[in-house]
Amino acid sequence: MSKAEIGLIGLGTMGAALALNIADNGFDIAVWNRTTEKTKQFHADAGALADRITPTESLEELVAAIAKPRAIILMVPAGRAVDDQITALRALLDDDDLIIDAGNANFHDTNRRARDAGDLPFLGIGVSGGEEGARFGPSIMGGGKRAYWDRVAHILTAISAKHEGTPCATWMGEEGAGHFVKAVHNGIEYADMQMIAETYGIMRDGLDMTDAQIADVFAKWDKGPLKSYLIEISGKVAGAIDPKTNKPMLDVIVDAAGQKGTGRWTVIEAQHLAAPVPAIEAAVVARNLSSQRDMRAKGEGLFGTAPHHIPHDNLGTETLESALIAGKILCYAQGFDMISKASEAFGWALPLPAIAKVWREGCIIRSAMLDDMADALATDADGNLMFAPHFADHLKQHHGALRQVVAQAALHGIALPALSSGLAYFDAMRTARGTANMIQGQRDFFGAHGFERIDGGSDQHGPWGS
Ligand code: NAP
């Protein structure tokens, strides 16, 4: 058999799906997995694609099975496993062979690995879309030297999702740029999911709707401006029935959200960059809070159940849809603003419109709005998305609904951490004269930190001591 065009290590959920996708697109691939049994099973289950796949039982065998200069994808858990595999591979590879970490690495690790690699080819690529995406077309965000990306771009674009024929695979910049963009994608994903969950909470607790009714509302929203993968699956989740109890599935799922840490990384990085991403922060906090089930039960016992029921005259599902449109724009605006700040801070020139385009298909946050976002970012690349004319018009139209939803929820004891922080962000971003003059006065009072005067005058301290 001729040598494979590319290799892959790690036949777990993502690696197996990605390997099949690569083979399905006509590329011969050699694979290796730490547990050999899994490699054998994978090959046995590959059906018609088995002919394009070379299973190997050692790293030496894997390396020998790939045509030079080699390219090998790592799809193993982020962290130590990646470093170990790089070390083991480098001992066997030639100097011009390329290692591609396609897992969910922290971009700081990717920066370090790229620097450690020196002249040895290395790429860090973010892959989004879960197992289904990996198998049939993920969104791919590449990072590392452009020349290395170009070496494998024909494979990565072929296997990626397509939006009206355009591949959702793009080189983002040097070193960890691809993994950074993937992290912000996940941060936006957290905020988008949280805002949807909050509207579900209002329908369930505030408007006393059944899960089936809620499913219908999400299905209807998926035909309008909110059309997106997350709204689509939320409708399906709300409409599903538990085969065991015959109850709505949502009623038997524990209300404690898991997380693998990428949302947290985004928030920590946003703090380092001084990039305001309150909706993403609120979403991470909400997940942390969701896991404090005992404390929440204790709180309900102590303070009593909140009133919850919202009179239908006060709030309908049209207003909720409108509020969610505003919330979604604000959470994407924050994410893109963070990317643009990182671009400056790290000297990356991250391509904002291309990022919006690469997220249009294949990834979890794919949504109808991203087309307009790509256009808006192309014409107003340096600005905040909320000031781009198209989205400013949307916000003018919808922020009143967001205000109503947040106000009604507050009056009836329903927590809306992400939607309310989105509203606070909107209001802060349209307030030319804020309240930080008080903060500056306080800082000068206790720490003589000084302040700037609005008249530019020379007296930079207050008369506190006199
Ligand atoms: P997974 O199903 O748990 O598979 C992990 C794979 O890595 C297995 O093949 C495992 O081999 C191998 N592995 C584990 N530790 C290893 C080590 N120390 N040395 C060598 N191989 C090792 O994980 P996954 O969901 O495919 O995720 C892989 C990567 O993709 C992660 O970085 C993840 O964050 C990222 N990712 C996942 C998703 C998703 O939806 N699942 C989406 C995007 C990105 P054995 O069979 O021997 O255990």
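Could you size up the charge dipole of the chain around its Cα centre, putting +1 on the beta carbon of Lys and Arg and -1 on that of Asp and Glu, and report it in debye to the nearest 20? Display every interim value, and only then the final one.
Details: 42 positive and 58 negative charges, 82 e Å.
With only Lys, Arg, Asp and Glu charged at Cβ, the dipole is about 400 debye.
Starting from 0.36 nm per residue, how many nanometres of slack lie between Leu49 and Asp119 once their C-alpha separation is accounted for?
Full extension from Leu49 to Asp119 adds 21.7 nm.
Expressed as a whole number of Å, what is the distance separating the alpha-carbon centroids of the stretch 141-189 and the stretch 443-461?
A separation of 47 Å, based on Cα centres.
Quick check: residue separation of Arg146 and Thr305 times 0.36 nm, minus the Cα distance between them. What number comes out in nm?
Details: separation 159, 0.36 × 159 = 57.24 nm, distance 5.67 nm.
Answer, rounded to one decimal: 51.6 nm.
With the Cα gyration tensor of the stretch 38-184 in hand, convert its eigenvalues to equivalent ellipsoid semi-axes via √(5λ) and list them largest first in whole Å.
Ellipsoid half-lengths, sorted descending, are 22, 21, 14 Å.
Does the stretch 214-291 come out rounded, prolate or oblate by the C-alpha gyration tensor, with a ≥ b ≥ c the root eigenvalues, rounded set by a/c under 1.5 and, if not, prolate when a/b is larger than b/c and oblate if not?
Because a/c hits 1.5 or more and a/b fails to exceed b/c, the stretch 214-291 counts as oblate.
Quick one: which residues, 5+ away or cross-chain, put their amide H under 5 Å from the amide H of Ile241? H built at 1.01 Å from N.
Met249
Considering only protein heavy atoms and a probe of 1.4 Å, how much of the accessible area of the stretch 245-393 is carbon and sulfur, as a whole percent?
Of all accessible area on the stretch 245-393, carbon and sulfur atoms account for 53 percent.
Compute the label zone of His312 within the stretch 171-208: residues whose backbone N is under 16 Å from the point 7 Å along Cα-to-Cβ.
The answer is 203-208.
Please state the relative contact order of the stretch 280-380 as a whole percent: Cα pairs under 8 Å, 6+ residues apart?
Taking the mean separation of contacting Cα pairs over the length of the stretch 280-380, I get 15 percent.
Tell me whether the stretch 320-415 comes out rounded, prolate or oblate; compute the Cα gyration tensor, take square roots of the eigenvalues as a ≥ b ≥ c, and use a/c under 1.5 as the rounded threshold.
On the way: a/c = 2.03, a/b = 1.95, b/c = 1.04.
It comes out prolate by the Cα gyration axes.
Using helices alone, what [θ] at 222 nm do you get for the chain, with -39,500 (n - 2.57) per DSSP H run of 4 or more residues, divided over all residues and rounded to the nearest 500?
On the way: 19 runs with 248 residues, N = 466.
It comes out at -17000 deg cm²/dmol, rounded to the nearest 500.
Calculate, in whole percent, how much of the Cα-Cα pair population of the stretch 128-184 lies beyond 14 Å.
The share of Cα pairs beyond 14 Å in the stretch 128-184 comes to 52 percent.
With a 1.4 Å probe and all protein chains left in place, how much of the accessible area of the stretch 103-229 comes from carbon and sulfur atoms, in whole percent?
52 percent
Once label points are set 7 Å from the Cα along Cα→Cβ at both Glu37 and Ala345, what is their separation, rounded to one decimal in nm?
Each label point is offset 7 Å from its Cα along the Cβ direction, giving 4.6 nm.
For the chain, taking Cα atoms only, what is the radius of gyration to one decimal and the Dmax to the nearest whole Å?
24.9, 89
Pairs of Cα atoms under 8 Å, at least six residues apart: use those to get the relative contact order of the stretch 343-465, whole percent.
11 percent
Ranked highest first by average number of other Cβ atoms within 10 Å, how do 68-80, 191-203, 438-450 line up? Intermediate values should be presented prior to the final figure.
Numbers: 68-80: 18.8, 191-203: 24.2, 438-450: 12.0.
Going from most to least packed, we get 191-203, 68-80, 438-450.
Arranged from highest to lowest average of other beta-carbon atoms within 10 Å per residue, in what order do the peptides 225-238, 330-343 appear? Present the calculation step by step, with values, prior to reporting the outcome.
Working: 225-238: 19.3, 330-343: 25.1.
By packing density, highest mean first, the sequence is 330-343, 225-238.
Any idea what angle helix 80-90 forms with the longest principal axis of the chain, computed on alpha-carbon atoms, 0 to 90 degrees, nearest 10?
Between helix and principal axis, roughly 30 degrees.
Quick check: pseudo-label points 7 Å beyond the Cα along Cα→Cβ at Asp371 and Lys396, how many nm apart are they?
2.4 nm
How far, in degrees from 0 to 90, does helix 146-159 lean away from the longest principal axis of the Cα atoms of the chain, to the nearest 10?
Helix 146-159 sits roughly 90 degrees off the main axis of the chain.
Residues in the stretch 58-80 near a label at Asp24, defined as backbone nitrogen under 20 Å from the 7 Å Cα→Cβ point?
The answer is 73-76.
Bin width 10 Å, alpha-carbon pairs only: give the P(r) of the stretch 183-324 as whole percents, running from 0 to the bin holding the largest distance.
All Cα pairs, binned at 10 Å, distribute as 11, 33, 38, 17, 1 percent.
Kindly rank 289-297, 37-45, 301-309 from highest to lowest mean number of other beta carbons found within 10 Å of each residue.
37-45, 289-297, 301-309
Would you please classify the overall shape of the stretch 155-230 from the alpha carbon gyration tensor, given that a ≥ b ≥ c denote the square roots of the eigenvalues, rounded means a/c under 1.5, and beyond that prolate means a/b larger than b/c while oblate covers the rest?
In terms of gyration-tensor shape, oblate.
Tell me the label-point distance for the pair Ile241, Ala91, using the 7 Å Cα-to-Cβ offset, in nm and rounded to one decimal.
5.8 nm
Rounded to the nearest 10 degrees, what's the angle between the helix 107-117 long axis and the longest principal axis of the chain, both from Cα atoms, 0 to 90?
Rounded to the nearest ten degrees, it is 30.
So with the 1.4 Å probe, I'd like the accessible area per residue for the chain, rounded to whole Å².
46 Å²
The values are calculated or read from the model by the stated rules, or taken from the named source; none is laboratory data. Just so you know, these numbers come straight off a predicted model, no measurement behind them. Note that each Cβ is placed from the backbone with ideal geometry, even for glycine, and that neighbours are counted across all protein chains shown. Only protein heavy atoms, including side chains, enter the accessible area calculation; ligands, DNA and RNA are left aside. Shrake-Rupley method; radii C 1.70, N 1.55, O 1.52, S 1.80 Å.
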